[in-house]
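Asker: Dumping the structure here so I can ask a few things about it.
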Amino acid sequence: MLKQAGFSLLEMLLSITLSSLIFIAVTDYYFQIQAHTLQYYRAIHLQQTVQQALFGIAKDIKRAGFIANDPSKQNKTALAIINEKNCIIIRYDSQIRHDWIDDTSAMNNADSFVYRFVNNNIEYKTGAITCNESKWEKLFDPAEIKVTTFHLKQQANTIEIVLAAELKQHQQVKYQISKIVKNENFYSSNQP
């Protein structure tokens, strides 16, 4: 009798089982890589958003006290940190008018910039002269990001800013940054 070529039933079952195990392992590995990649992109998004906000705050702090061509005109405090309200008030000549303008009727024309930490977000207002005014803009989307820390500490002509946040939907994704900002516009007559 001639021997028939081919696989036996046992060989077929064994090859299907091994193929299935390899397929399951590859699929599981793919989903793990996909989950890690998604987590990585969430972390990068949070990091970039926090750094962008910190860059804007630091830029205003660096400018505090600037008056075009005549720094002796400083008749108000250029920078004030109100710790009990987690607030910072910054003044500088933003439109090169050789003075600081406090125009409450046209906020976009004013030279005061205020940041405050309220309800797990940092709020911003141009033209404000105190930390208690209304109609603030939020720096972060409150549905997406929860700010956990906003701390300001002044030493001579530097300010240390500590900013920490987390994603609301994915609280394990957190980011904290600390930055020391140097200001060269402070003069001895107006340092707080």
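Asker: Using Cα atoms only, what is the angle between the long axis of helix 9-63 and the major principal axis of the chain, expressed in degrees (0 to 90) to the nearest 10?
Answerer: Approximately 0 degrees, to the nearest ten.
Asker: Return the sequence-ordered ³J(HN,Hα) values of region 154-169 in whole Hz as given by the Karplus equation 6.51 cos²θ - 1.76 cosθ + 1.60 applied to θ = phi - 60°, using x for Gly and Pro.
Answerer: Computed from phi, the couplings for region 154-169 are 9, 9, 6, 10, 10, 10, 9, 10, 10, 10, 9, 8, 9, 7, 5, 6 Hz.
Asker: How charged is the neighbourhood of Val50? Take every other residue with its Cβ under 11 Å from the Cβ of Val50, and add Lys/Arg as +1 and Asp/Glu as -1. Kindly include the intermediate steps, with their values, before the conclusion.
Answerer: On the way: positive: Lys174, Lys179; negative: Glu166.
Neighbourhood net charge equals +1.
Asker: If I build a Gaussian network model for the chain, linking alpha-carbon pairs within less than 10 angstrom, which residue out of Ser112, Ser178, Ser15 has the largest mean-square fluctuation?
Answerer: Highest fluctuation among the options: Ser15.
Asker: From the phi angles alone, apply the Karplus equation (6.51, -1.76, 1.60; θ = phi - 60°) to region 115-127 and give each ³J(HN,Hα) in whole Hz, x where the residue is Gly or Pro.
Answerer: Ordered by residue, 3J(HN,Hα) equals 10, 9, 9, 9, 6, 6, 8, 9, 9, 9, 8, 8, x Hz.
Asker: Provide the packing ranking of 85-94, 45-54, i.e. peptides ordered by the mean count of other C-beta atoms within 10 Å per residue, highest first. Numbers along the way, then the final one.
Answerer: Numbers: 85-94: 21.2, 45-54: 16.9.
The most tightly packed comes first, giving 85-94, 45-54.
Asker: Just for the Cα atoms in region 42-182, what are the lengths along the principal axes, largest first, rounded to whole Å?
Answerer: Result for region 42-182: principal-axis Cα extents of 49, 32, 26 Å.
Asker: Here is a further query. Report relative contact order for the chain in percent, whole number only (criteria: Cα-Cα under 8 Å, sequence separation at least 6). Please list the in-between numbers first.
Answerer: Working: 315 pairs, mean separation 35.1, N = 192.
Relative CO of the chain lands at 18 percent.
Here, each number is a calculation from the coordinates, and none is a lab measurement. What you are looking at is a predicted structure, and each value in this text was computed from that prediction instead of being measured. Cβ sites come from the backbone with ideal geometry, for glycine too, and all protein chains shown count toward neighbours.
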